[in-house]
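Just so it is clear, none of the values below were taken in a lab; they were calculated from the coordinates. Small disclaimer: the values here were computed from a predicted structure and weren't measured.
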Amino acid sequence: MPAAGVPKTLIVATFVALSVGFGAGYWMATQSEVVPGEGTRDEAAPHPVGTEEYVQLGMTALGRGEFQEAERRFRQALDLAPESPDARTNLAVALMYQERWDEAWEQIQRAEAAAPDMPGPHFLEGIVLRDARGDTAGAREAWNRFLELVPEDSPQAATVREWIGQLDGEVPAESGGETEAGSPTEPPAGG
């Protein structure tokens, strides 16, 4: 059950961060060579676990609603892998839950720069633009980029199409994806 006062948008952002994060790990694995010994446990190092373990600890904390702990774990991951778009994207979610919008924006921008074809940062960019900055045109642009990067039939794509429809006044904000007649909304043409 969501915490009182937590906007639905951030709950969905967490869901997307969790699901996109797993996809990002796969994407990152296909984009770079494996370096022997990288990310392995080294007891003498200032970090007793690797980047992936810190990201997983952060995801666990995020799932429990422990946003400061999640932030700490994602920052530890970034200590080890400063350009990790996965850790930056998840850090942005933790910061958004704490309503630290400018810091979240910085992390999103850095994640997009490191991995422009990773969908999660574009999704979060749209949320920040819409919810914190009131920039609906920018949100629409970010979400359209997100839709280019995810499977058309994914639940995340359906959610984003609904949000774009709300920006366009096509879907009532609290409809839950249904029209007044109660049927699911149709994805926009070319969607």
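Computed values, structure above
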quantity: Karplus 3J(HN,Hα) series, Hz, for the stretch 50-66 with 6.51 cos²θ - 1.76 cosθ + 1.60 (x for Gly, Pro); calculated: x, 3, 4, 5, 5, 4, 5, 4, x, 5, 5, 5, 4, x, 8, x, 9
quantity: Rotationally averaged projected area of the stretch 78-119 (alpha carbon convex hull; nm²); calculated: 2.7 nm²
quantity: Full-extension gain in nm, residue 113 to residue 101, via 0.36 nm per residue minus C-alpha separation; calculated: 2.5 nm
